[in-house]
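Have a look at the structure below, then the notes.
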Amino acid sequence: MLYLDCDLVVSGDLEGLWQTDLQGSYLAAVPEPYLVTSHWGFGPEDTYFNSGVLLIDVARWREENLLPALLQFAEAHSSDFDCHDQDVLNHVCRAGFDFWITSGIFRADSHFSLRTLSK
C-alpha cells in the first residue's frame, strides 16, 4: 500500500516506488527532515521517519499482527505525542533503515528520498 500526504508534489512516475521490494521490512519511509534535536526518545543521531510518505507491506503487518501493537502504544502514550501517528509508527516500527530509494516526491520546501524500515 502506498500512502502519500496531501501536501506532496509527485514529480515523476511512481511505478518504481510501487515495485520496491521491501525485503521483509514493515514499511519504507522518508527521514523526517526537520528533526535536528532530540524528539521523544529519538536523538539527533537516530533516524526518525516522516509518516507523509509510506510504502507499507500490508501482508507483513497482518502476519506480525502489528495493528494491536500500534493501537496499544497510541493508547498508552497519547498525552505524550507531538506528531501523533508519526510518533506511534516510529516507536512501534523502530529499527534500522536498510537502503535509500530516490523517489521524486517533494514537499513544498523539501526533497525526500525513501528508505526501508525493518523490524
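Listing for the model above:
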| read-out | value |
| --- | --- |
| Two-site label geometry, R94 and L22: point separation in nm, points 7 Å out along Cα→Cβ | 2.0 |
| Least to most buried among D82, D5, D57 (fewest other Cβ within 10 Å first) | D82, D5, D57 |
| Modelled FRET efficiency - R0 25 Å, H77 with V9, Cβ distances, 0.05 increments | 0.20 |
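Coordinate-derived values only; no laboratory data. In this text the structure is predicted, and so the values were computed from the model without any measurement. Positions of Cβ are backbone-derived with ideal geometry, glycine not excepted, and every protein chain shown enters the neighbour counts.
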